[in-house]
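Novice: Okay, here's the structure, questions in a sec.
The values are calculated or read from the model by the stated rules, or taken from the named source; none is laboratory data. Computed from a predicted model, the values in this text were never measured in an experiment. All Cβ positions, even for glycine, are placed from backbone atoms using ideal geometry, and neighbour counts span all protein chains on display.
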Amino acid sequence: MKTLPGLALALLAGAALAAPPKHPPPVEGRVTQVVDGNTVVVTPAEGAPVRVRLAGVEAPLACQDWGTESRRALADLAQGHAVTVAQPQLGRDGVVTGALMLDGQDLARRMVSEGHAWSTRVKWDRGPFVKEERLAQALQRGLHAVHGAQRPADFRRQHGPC
């Protein structure tokens, strides 16, 4: 009887190891449109264009201070370039969220470090790019040089949607 629980645990552990987690394959294509400071359209060589939101960042809305500059910065980095969307996840809104990689560089990280976006926050978590954001703030890069720059959620609460 003592071996039965051990056998059950071993079987469960073996089943968990045998079934690797299912991750969608990376999306590869060319950036054909930059919608805003954290959303692009990637068109694969074959297939329909995919709307992609950069994981881990919040960019100013188009109607906010620095919204146009943020969009322009992402366009300068990505427009027309071949990219890979690593770790893509389809959201409820039909938009894919993932790491937009160009020549091995995460463009979300670069947008935050250059002051064109904030690291995403969830409750007490400061986000994946908090170091880059703090450095951009300290150096007053991009939107951090604008007096009163607001995160999109704060802007919507105060002013409503664009």
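Novice: Only one residue in Gln140, Gln158, Gln87 is surrounded by fewer than 21 Cβ atoms within 10 Å (Cβ to Cβ) and in a loop (DSSP other than H, G, I, E, B), so which one is that? Can you show your working first?
Specialist: Details: Gln158 fails: in a loop (DSSP other than H, G, I, E, B); Gln87 fails: in a loop (DSSP other than H, G, I, E, B).
Answer to the check: Gln140.
Novice: Among the numbered criteria (1) farther than 30 Å from His147 by Cα; (2) in contact with a Lys or Arg (Cβ under 8 Å, 6 or more places away or on another chain), which one does Gln87 miss?
Specialist: Only one criterion is unmet by Gln87, namely (2).
Novice: Within region 143-155, track down each residue that is within 21 Å of the chain's Cα centre (by Cα) and not in a helix (DSSP H, G or I).
Specialist: Residues of region 143-155 within 21 Å of the chain's Cα centre (by Cα): 143-144, 149-155.
Within region 143-155, Ala149, Gln150, Arg151 meet the criteria.
Novice: Let me confirm something: among Leu74, Leu135, which residue is under 15 Å from the mean Cα position of the chain (by Cα) and either within 17 Å of Thr32 (Cα to Cα) or without any contact (Cβ under 8 Å) to a residue 40 or more places away in the chain (or both)?
Specialist: Of Leu74, Leu135, the one residue that is under 15 Å from the mean Cα position of the chain (by Cα) and either within 17 Å of Thr32 (Cα to Cα) or without any contact (Cβ under 8 Å) to a residue 40 or more places away in the chain (or both) is Leu74.
Novice: Next up: Please state which of the following conditions Gln79 fails to meet, knowing it meets all the rest: (1) at pLDDT 95 or above; (2) at negative phi; (3) loosely packed, with under 14 Cβ neighbours inside 10 Å; (4) of a type outside the set (A, V, I, L, M, F, W, C).
Specialist: All conditions are met except number (3).
Novice: Kindly check whether there is at least one residue in region 91-98 that is touching a Gly at 6+ places or on another chain (Cβ under 7 Å) and on the phi < 0 side of the Ramachandran plot. Give the derivation first.
Specialist: Of all residues in region 91-98, those touching a Gly at 6+ places or on another chain (Cβ under 7 Å) come to 97.
Keeping just the survivors that are on the phi < 0 side of the Ramachandran plot gives 97.
Within region 91-98, one or more residues are touching a Gly at 6+ places or on another chain (Cβ under 7 Å) and on the phi < 0 side of the Ramachandran plot.
Novice: Let me ask another. Looking at region 143-155, is at least one residue out of contact with any Phe, Trp or Tyr (no Cβ under 7 Å at 6 or more places or on another chain) and farther than 18 Å from Ala62 by Cα? Please lay out each step first, then the result.
Specialist: Of all residues in region 143-155, those out of contact with any Phe, Trp or Tyr (no Cβ under 7 Å at 6 or more places or on another chain) come to 144-145, 147-148, 150, 152-155.
Pick out the ones that are also farther than 18 Å from Ala62 by Cα and you get none.
No, region 143-155 has no match at all.
Novice: Restricting to region 98-134, name every residue that is surrounded by 15 or more Cβ atoms within 10 Å (Cβ to Cβ), in a strand (DSSP E or B) and among the acidic types (Asp, Glu).
Specialist: Result: Asp106, single match.
Novice: Here's a follow-up. Restricting attention to region 37-86, report how many residues are basic (Lys, Arg) and in contact with a Ser or Thr (Cβ under 8 Å, 6 or more places away or on another chain).
Specialist: Looking only at region 37-86, we keep the residues that are basic (Lys, Arg), and these are 51, 53, 71-72.
In the following step, the residues that additionally are in contact with a Ser or Thr (Cβ under 8 Å, 6 or more places away or on another chain) were identified as 51, 53.
Going through region 37-86 one residue at a time, the tally reaches 2.
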